[in-house]
1. What is the residue count in the stretch 146-156 for residues that are modelled with pLDDT under 95 and assigned to a loop (DSSP other than H, G, I, E, B)?
2. Go through (1) at pLDDT below 95; (2) surrounded by 16 or more Cβ atoms within 10 Å (Cβ to Cβ); (3) at negative phi one by one and return the number of the condition GLY98 breaks.
3. Every residue in the stretch 196-219 that is surrounded by 12 or more Cβ atoms within 10 Å (Cβ to Cβ) and modelled with pLDDT of 85 or more, please.
4. Can you go through LYS189, LYS124 and tell me which one is touching an Asp or Glu at 6+ places or on another chain (Cβ under 8 Å), farther than 20 Å from VAL64 by Cα and surrounded by fewer than 18 Cβ atoms within 10 Å (Cβ to Cβ)?
5. Taking the condition hydrophobic (A, V, I, L, M, F, W, C), part of a loop (DSSP other than H, G, I, E, B) and either under 30 Å from ALA133 (Cβ atoms) or at pLDDT 60 or above (or both), does ALA18 pass?
Amino acid sequence: MTAQPQQQPRRRPASPGAPPPPPPSAFRAPGALRRVNLVNLPDGYRANVEPPVTSDGFLGDDFVMDSQEFLCWLSDYYRDDIVTLRLIIRMMGIQKPGGTVEATQSKLAKLLKVKQSQISRSLKDTGALGVTAKLKAGLYQLHPRLSLRGGRVPVEPRPGMRAQGTLKVDQLSLLDAIEDNPELPHVFKELVRLPKPEEKPLRSDKARAQARAEEDGTS
């Protein structure tokens with residue numbers, strides 16, 4: 001018995017006035033494209049499909065984005081000022097989404113187990129460099145060019161809405177808001193680069209101690 005070639009199924013003739021059949025396409029294969037996966041983009045836009053970013057591998061799940069240049073600068077610039085170095089690292093660790101730090105100087109002093117006067121001196125120093133800014137009592141801002149925690153921040157409800165909404169943190173939008181804020185110091189708003197560690201002047205207390213040592217050596 002010989003195998004007979006299979007015949008193609010007979011197509012029915014199209015009824016008069018019916019539209020022509022669509023051209024063959026891989027997207028019309030069964031299950032190739034479901035309606036729930038369709039996204040309409042505006043004219044002139046395109047989209048890239050990427051897997052979702054996860055942070056489950058970080059200790060404690062939370063994480064922040066830091067400038068590598070800033071981390072290297074921090075370790076060099078404050079190599080002789082352990083209190084300020086610890087303070088900035090602590091503020092980076094406890095910052096809220098958007099880079100704000102909700103803590104009084106007294107609370108920061110207790111966290112670091114140092115005197116409040118040391119915290120005051122350190123915040124004054126970092127503020128003069130544009131690393132931090134005081135927004136109000138008990139609220140500080142780390143510069144988003146240096147360290148930034150993502151997430152969502154609360155925003156004022158729109159007219160007609162009772163519930164307070166949230167907005168995803170966007171670094172460029174945050175930088176624009178800082179630049180347009182007249183209440184922030186100029187050095188914070190215009191931060192582009194940090195001073196070179198080798199050109200750092202001696203702290204006032206260390207300069208006085210060095211001067212006394214030189215006087216004692218010459219007397």
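The values are calculated or read from the model by the stated rules, or taken from the named source; none is laboratory data. Note that this is a predicted model, so its numbers are computed, not measured. For neighbour counting, all protein chains shown are included, and Cβ atoms are generated from backbone atoms with ideal geometry for every residue, glycine included.
1. The qualifying residues number 4.
2. All conditions pass for GLY98, except number (3).
3. PRO197, LYS200
4. Matching residue, one of LYS189, LYS124: LYS189.
5. When the stated conditions are applied, ALA18 passes them.
Results for (1) part of a helix (DSSP H, G or I); (2) of a type in the set (Ser, Thr, Tyr); (3) without any contact (Cβ under 8 Å) to a residue 24 or more places away in the chain; (4) in contact with a Leu (Cβ under 8 Å, 6 or more places away or on another chain), shown as yes or no for each residue.
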{"position": "THR126", "(1), (2), (3), (4)": "yes, yes, no, yes"}
{"position": "GLN141", "(1), (2), (3), (4)": "no, no, no, yes"}
{"position": "PRO144", "(1), (2), (3), (4)": "no, no, no, yes"}
{"position": "GLU198", "(1), (2), (3), (4)": "yes, no, yes, no"}
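Residue-wise test of (1) farther than 19 Å from PRO185 by Cα; (2) in a helix (DSSP H, G or I); (3) charged (D, E, K, R).
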| position | (1), (2), (3) |
| --- | --- |
| TRP73 | yes, yes, no |
| ASP76 | yes, yes, yes |
| ASP80 | yes, no, yes |
| ARG86 | yes, yes, yes |
| ILE89 | yes, yes, no |
| GLY93 | yes, yes, no |
| LEU108 | yes, yes, no |
| SER117 | yes, yes, no |
| LYS134 | no, no, yes |
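Per-residue answers, yes or no, for (1) within 25 Å of ARG145 (Cα to Cα); (2) modelled with pLDDT under 85; (3) over 20 Å from the mean Cα position of the chain (by Cα):
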residue: SER25; (1), (2), (3): no, yes, yes
residue: PRO30; (1), (2), (3): no, yes, yes
residue: ARG34; (1), (2), (3): no, yes, yes
residue: ASP43; (1), (2), (3): no, no, yes
residue: ALA47; (1), (2), (3): no, yes, yes
residue: PRO52; (1), (2), (3): yes, yes, no
